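The values are calculated or read from the model by the stated rules, or taken from the named source; none is laboratory data. Since this is a predicted model, take the numbers as computed values, not measurements. Neighbour counts are summed over all protein chains in view; Cβ atoms, including those assigned to glycine, are modelled from backbone coordinates with ideal geometry.
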């Protein structure tokens, strides 16, 4: 009874229990985005990724990535390794058997003696003090950790493919706007040359229009380079050689309008990285228990059975059946501080794992908060940007008309056109930022599992 009480107080047999975690207020001021949030506890992270990303071409790319992405394949192999380790830890409870045949030929004073033995040896460690039990539990925690890591990689792959895809759509739209603007400004150059001949402007105005035209053309190669590099990055995610990516248009994209984040407590089971951190903590907990169990005795039962023609110093022909059994108990007395050191190391690693688990929860809440606010800000910017573009379109038309009548200079027209181009490109970037916020929120809530 005293020994049982002692072992119970040392937690050797106790299973891991999740420590208390404060989750209130993790999403910060979600009230400010209440018009965007769903009112119930449904969680966007629980949606299948095909319900979030509805573009058929993007869906095909994601499916290809989930089948061929190198990082995801590596994560799956880690799961297989963890499964094998768990199986080995389970089999450690069973006895081990070995066949160890031996034969000897000896000659002395003209007499030859031939002896043989065909024993089957067995050994079984009695897990009286939880060493094997905690090893098995630790292996199971490692398996869950590997599975959580695989889920985290899968979520990351889906988010990265979606980000690259929508980046391509944004760059396509910006390239189209810039090409159309360059064409218009090329026509303006010809108009300015005609106005010069008619005496309505001077050489400075023509040169200024040409310089602006060349400036816009100079931005086109950079946009094409960015498109090519993004296609190469996406090809790498798909584990294929760099190539052109088939895609739709930014205007045709449809994403969920109502964002539901559920309750912060759901992240403990939904976020793969949080779950991975918790399983790391559980594994460290069982490692500490293993280190404690090293202070207690090891009980081992061993034996052998088989045929032999040698029984001690007597040689018997034909062979006889031999059976032996041994029980041993090993109690550590002085291990030069090794067991004590291992226990201190295990406790420190467990405490570090606890801190990492707590930090992962805080990071998850911060990511959700950032994504929600990013979505809100991008929506506000889109509204203001469209009003800005309307005003600039009107300004460009009016300044062009005034210039024809000599009431305005080409510099004013140029300024208005440059502002319109900049606002149009920014409008596309704002739309992409809003899409990116949805992707980030979906990932932050553990979507794509």
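Take residue 255 and tell me if it is in a loop (DSSP other than H, G, I, E, B), under 50 Å from the mean Cα position of the chain (by Cα), surrounded by 11 or more Cβ atoms within 10 Å (Cβ to Cβ) and modelled with pLDDT under 90. Before the answer, list the steps.
Working: in a loop (DSSP other than H, G, I, E, B): yes; under 50 Å from the mean Cα position of the chain (by Cα): yes; surrounded by 11 or more Cβ atoms within 10 Å (Cβ to Cβ): yes; modelled with pLDDT under 90: yes.
Against the criterion (in a loop (DSSP other than H, G, I, E, B), under 50 Å from the mean Cα position of the chain (by Cα), surrounded by 11 or more Cβ atoms within 10 Å (Cβ to Cβ) and modelled with pLDDT under 90), residue 255 qualifies.
Name the one entry in 384, 351, 418, 400 that is surrounded by fewer than 18 Cβ atoms within 10 Å (Cβ to Cβ), without any contact (Cβ under 8 Å) to a residue 24 or more places away in the chain and touching a helix residue (DSSP H, G or I) at 6+ places or on another chain (Cβ under 8 Å). Before the answer, list the steps.
On the way: 384 fails: touching a helix residue (DSSP H, G or I) at 6+ places or on another chain (Cβ under 8 Å); 351 fails: touching a helix residue (DSSP H, G or I) at 6+ places or on another chain (Cβ under 8 Å); 418 fails: without any contact (Cβ under 8 Å) to a residue 24 or more places away in the chain.
From the options 384, 351, 418, 400, the qualifying one is 400.
Scan segment 98-112 for residues that are assigned to a loop (DSSP other than H, G, I, E, B) and within 22 Å of residue 307 (Cα to Cα) and jot them down. Before the answer, list the steps.
The initial filter retains those residues of segment 98-112 that are assigned to a loop (DSSP other than H, G, I, E, B), namely 100-101, 109-110.
Answer for segment 98-112, where residues must be assigned to a loop (DSSP other than H, G, I, E, B) and within 22 Å of residue 307 (Cα to Cα): 100, 101.
Just to be sure I understand, how many residues within segment 194-242 are touching a residue at least 24 places away in the same chain (Cβ under 8 Å), farther than 29 Å from residue 74 by Cβ and not in a helix (DSSP H, G or I)?
2
Looking for whichever is surrounded by 15 or more Cβ atoms within 10 Å (Cβ to Cβ), within 39 Å of the chain's Cα centre (by Cα) and within 18 Å of residue 259 (Cα to Cα) here; the options are 377, 428. Which one fits? Working first, answer last.
On the way: 428 fails: within 18 Å of residue 259 (Cα to Cα).
None of the others qualify; the one that does is 377.
From 99, 171, 143, grab the single residue that is without any contact (Cβ under 8 Å) to a residue 60 or more places away in the chain and crowded, with 20+ Cβ neighbours inside 10 Å. Break it down stepwise before answering.
Numbers: 99 fails: crowded, with 20+ Cβ neighbours inside 10 Å; 143 fails: without any contact (Cβ under 8 Å) to a residue 60 or more places away in the chain.
None of the others qualify; the one that does is 171.
Go through segment 57-74 residue by residue and tally those that are surrounded by 18 or more Cβ atoms within 10 Å (Cβ to Cβ) and over 14 Å from residue 151 (Cβ atoms).
Kept after step one, since they are surrounded by 18 or more Cβ atoms within 10 Å (Cβ to Cβ), are these residues of segment 57-74: 58, 61-62, 65, 69, 72.
The next check asks that each one be over 14 Å from residue 151 (Cβ atoms); those that pass are 58, 61-62, 65.
Residues meeting the conditions: 4.
Could you say whether any residue in segment 113-128 is part of a loop (DSSP other than H, G, I, E, B), within 30 Å of residue 16 (Cβ to Cβ) and either in contact with a strand residue (DSSP E or B) (Cβ under 8 Å, 6 or more places away or on another chain) or without any contact (Cβ under 8 Å) to a residue 60 or more places away in the chain (or both)?
Our first condition is that a residue be part of a loop (DSSP other than H, G, I, E, B); within segment 113-128, this holds for 127-128.
Now restrict to residues that are within 30 Å of residue 16 (Cβ to Cβ): 127-128.
Cutting the leftovers down to either in contact with a strand residue (DSSP E or B) (Cβ under 8 Å, 6 or more places away or on another chain) or without any contact (Cβ under 8 Å) to a residue 60 or more places away in the chain (or both) gives us 127-128.
There is at least one residue in segment 113-128 that is part of a loop (DSSP other than H, G, I, E, B), within 30 Å of residue 16 (Cβ to Cβ) and either in contact with a strand residue (DSSP E or B) (Cβ under 8 Å, 6 or more places away or on another chain) or without any contact (Cβ under 8 Å) to a residue 60 or more places away in the chain (or both).
Of all the residues that make up segment 258-288, how many are surrounded by 23 or more Cβ atoms within 10 Å (Cβ to Cβ) and touching a strand residue (DSSP E or B) at 6+ places or on another chain (Cβ under 8 Å)?
Adding up the residues that qualify gives 1.
Residue by residue, here is whether (1) modelled with pLDDT under 85; (2) out of contact with any strand residue (DSSP E or B) (no Cβ under 8 Å at 6 or more places or on another chain); (3) under 15 Å from residue 412 (Cα atoms) holds:
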{"position": "183", "(1), (2), (3)": "no, yes, no"}
{"position": "187", "(1), (2), (3)": "yes, yes, no"}
{"position": "191", "(1), (2), (3)": "yes, yes, no"}
{"position": "196", "(1), (2), (3)": "yes, yes, no"}
{"position": "201", "(1), (2), (3)": "yes, yes, yes"}
{"position": "209", "(1), (2), (3)": "yes, yes, yes"}
{"position": "213", "(1), (2), (3)": "no, yes, no"}
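For segment 288-307, what are the residues that are part of a helix (DSSP H, G or I) and either at pLDDT 95 or above or more than 15 Å from residue 340 (Cβ to Cβ) (or both)? Before the answer, list the steps.
From segment 288-307, those part of a helix (DSSP H, G or I) are 288-293; that's our starting set.
Across segment 288-307, the qualifying residue is only 289.
Going by what's in this entry, would residue 303 be described as in contact with a strand residue (DSSP E or B) (Cβ under 6 Å, 6 or more places away or on another chain) and crowded, with 19+ Cβ neighbours inside 10 Å? Spell out the reasoning first.
Working: in contact with a strand residue (DSSP E or B) (Cβ under 6 Å, 6 or more places away or on another chain): yes; crowded, with 19+ Cβ neighbours inside 10 Å: no.
No, not satisfied.
Determine whether segment 123-139 contains at least one residue that is modelled with pLDDT of 85 or more, more than 21 Å from the chain's Cα centre (by Cα), within 30 Å of residue 158 (Cβ to Cβ) and surrounded by 14 or more Cβ atoms within 10 Å (Cβ to Cβ).
yes
Within segment 75-93, how many residues are touching a residue at least 12 places away in the same chain (Cβ under 8 Å) and either loosely packed, with under 12 Cβ neighbours inside 10 Å or in a helix (DSSP H, G or I) (or both)? Walk me through how you get there before you give the answer.
Quick first cut of segment 75-93, residues touching a residue at least 12 places away in the same chain (Cβ under 8 Å) only: 75-76, 78-79, 81-83, 85-86, 88-90, 92-93.
Imposing the further condition that a residue be either loosely packed, with under 12 Cβ neighbours inside 10 Å or in a helix (DSSP H, G or I) (or both) reduces the set to 75-76, 78-79, 81-83, 85-86, 88-90.
The number of residues fulfilling the criteria is 12.
If you take the residues of segment 308-348 that are surrounded by 15 or more Cβ atoms within 10 Å (Cβ to Cβ) and in a strand (DSSP E or B), which of them is modelled with the lowest pLDDT?
Among residues in segment 308-348 that are surrounded by 15 or more Cβ atoms within 10 Å (Cβ to Cβ) and in a strand (DSSP E or B), the one modelled with the lowest pLDDT is 319.
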